[in-house]
Each structure stands twice: as C-alpha cells, then as structure tokens.
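**Student:** Could you have a look at this structure, given as structure tokens, before my questions?
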Amino acid sequence: MKIGLYPGSFDPITYGHIDIVKRALKIFDELIVLVSIHPNKDAFFTREERIDMIEETLKDCLDRIKIETSDTLTVQHARKLGASHIIRGLRALTDFEYEFQMTHANRVLDTEIDSIFLMTDNKYSFLSSTTVKEIARYRGDLSTFVPPYVRKRIHEKLKRNEKP
Ligand code: ADP
C-alpha cells in the first residue's frame, strides 16, 4: 500500500490544501495529513480545532485519510507511519526556495523518503492560511478561500478573541 504524508500547519485548512489532498489521493492509497505544531509559532487555532476542521472538510474521503499531529521532524514521522513520500504544495516561486532547502535537508536525514510537489488549480495558487486570516480580521468575504464550516469557525474565533 502506498502511503503519502502531507504535512502543514493547516491553520486553518483552505481550498488550496483541499485541492492538494484530492490530487494526492489519485497517487496514493492512503494519505496522512500531518498537522505540524510549532512551539514558537503563534497559531490562530488550537491543534484540536485544526483537526476538527480538517475532519469536517474532508469527511467524504476519510476512509483513505488519517489525521495526525506532530511536534517533531517530518521525516521521522514519515518513517514511523510507513509513508514513502512527503507531499508538498507549490504555489509561486517564493515557495520554491524554502521547499528546495527542506527537501535537501530531509534527504540528508532520511535518504529513502522522497518529496513530491503538486500544484493547485490556478484559482488557488495565491491562497495561504495567512491570507485567509488577514482577510478575516478585516471582515472580508472568505467564501472563495475556505469551506463554509471553516468560515463559521473563523468567525466564532474572532468573536471570542474580541471579547474583553
Ligand atoms: P500556509 O499557511 O502557507 O497555507 P501550510 O503549512 O498550512 O501553509 O501548508 C502546507 C502545505 O500546503 C505546504 O506545502 C504549502 O505550500 C501547501 N499549500 C498551502 N496552500 C496552498 C495552495 N493554495 N496551493 C498549493 N499549495 C498550498
């Protein structure tokens, strides 16, 4: 069975991430969505909230998807979970530099685990979770960026954060 590992912050999951998941499922039998937790990075949503949104958003294909969290190296997780490849999404050239460095570092750490890069549909090629949070803060329309459930959770969170 071919298992792929798709790591990211997913803070929150967007239509860009979903597009990459759907494409990866055409290549792999099973996909592990790995929610990376960075202790030094300020997250908008908690680990549990991010997992909940991923589960709800990908509920149609959960039979082939596992959701895991990690606060360690991605390659270590890939090996532990039996994944042969790390999947990453590529947007613009700006992603390339970072991904180039990460892939080479990962290769030094584990020579057998390769990375695969997928591109989203053009309409999501500028989209990031950071953009979504930025637009949300100014009450912009998020309907083309995230599914309705995620939109609802963003609005709830903003309201809670605004309470004194
Ligand atoms: P971001 O906060 O920038 O959305 P993540 O860490 O959640 O970043 O992203 C996880 C992976 O998904 C990365 O490989 C990232 O490049 C990819 N990704 C995120 N959004 C998109 C998109 N709109 N198109 C293609 N790949 C994407």
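The values are calculated or read from the model by the stated rules, or taken from the named source; none is laboratory data. What you see is a predicted model, and the numbers here were worked out from it, not measured in a lab. With ideal geometry, Cβ positions are generated from the backbone for all residues, glycine too; neighbour counts draw on all protein chains shown. When the accessible area is computed, the model is the full protein with side chains, heavy atoms only, and any ligands, DNA or RNA have been set aside. Shrake-Rupley method; radii C 1.70, N 1.55, O 1.52, S 1.80 Å.
**Student:** F44 passes all but one of (1) over 22 Å from F117 (Cβ atoms); (2) more than 11 Å from the ligand (Cβ to nearest atom); (3) part of a loop (DSSP other than H, G, I, E, B); (4) touching a residue at least 40 places away in the same chain (Cβ under 8 Å); which number fails?
**Tutor:** Every listed condition holds for F44 apart from (2).
**Student:** Just to be sure, is T94 more than 20 Å from M1 (Cβ to Cβ) and touching a strand residue (DSSP E or B) at 6+ places or on another chain (Cβ under 7 Å)?
**Tutor:** So T94 does not fit the description; no.
**Student:** Here are the criteria: (1) of a type outside the set (D, E); (2) closer than 17 Å to G4 by Cβ; (3) open to solvent by less than 30 Å² (accessible area, probe 1.4 Å); (4) more than 15 Å from the ligand (Cβ to nearest atom). Tell me which single one N106 does not satisfy.
**Tutor:** Here N106 clears every test but (4).
**Student:** Now for a separate question. Could you tell me which numbered condition R50 fails, if it satisfies all but one of (1) surrounded by fewer than 19 Cβ atoms within 10 Å (Cβ to Cβ); (2) assigned to a helix (DSSP H, G or I)?
**Tutor:** (1)
**Student:** Hey, can you tell me all the residues within the stretch 1-27 that are within 22 Å of Y124 (Cα to Cα) and in a loop (DSSP other than H, G, I, E, B)?
**Tutor:** S9, F10, D11, P12, I13, T14, L25, K26, I27 - these are the residues of the stretch 1-27 that are within 22 Å of Y124 (Cα to Cα) and in a loop (DSSP other than H, G, I, E, B).
**Student:** May I pose another question? Condition test on T131, is it free of Cβ contacts under 8 Å to residues at least 60 places away in the same chain and either within 13 Å of the ligand (Cβ to nearest atom) or in contact with a His (Cβ under 7 Å, 6 or more places away or on another chain) (or both)?
**Tutor:** Answer is yes for this residue.
**Student:** With respect to Y149, is the statement that it is more than 16 Å from the ligand (Cβ to nearest atom), open to solvent by 50 Å² or more (accessible area, probe 1.4 Å), touching a residue at least 24 places away in the same chain (Cβ under 8 Å) and of a type in the set (S, T, Y) true?
**Tutor:** So Y149 fits the description; yes.
**Student:** Determine whether R139 is under 23 Å from K41 (Cβ atoms) and either away from the ligand (no atom under 14 Å from the Cβ) or open to solvent by 60 Å² or more (accessible area, probe 1.4 Å) (or both).
**Tutor:** When the stated conditions are applied, R139 does not pass them.
**Student:** Tell me, please, whether a residue that is surrounded by 17 or more Cβ atoms within 10 Å (Cβ to Cβ) and away from the ligand (no atom under 11 Å from the Cβ) can be found in the stretch 31-39.
**Tutor:** yes
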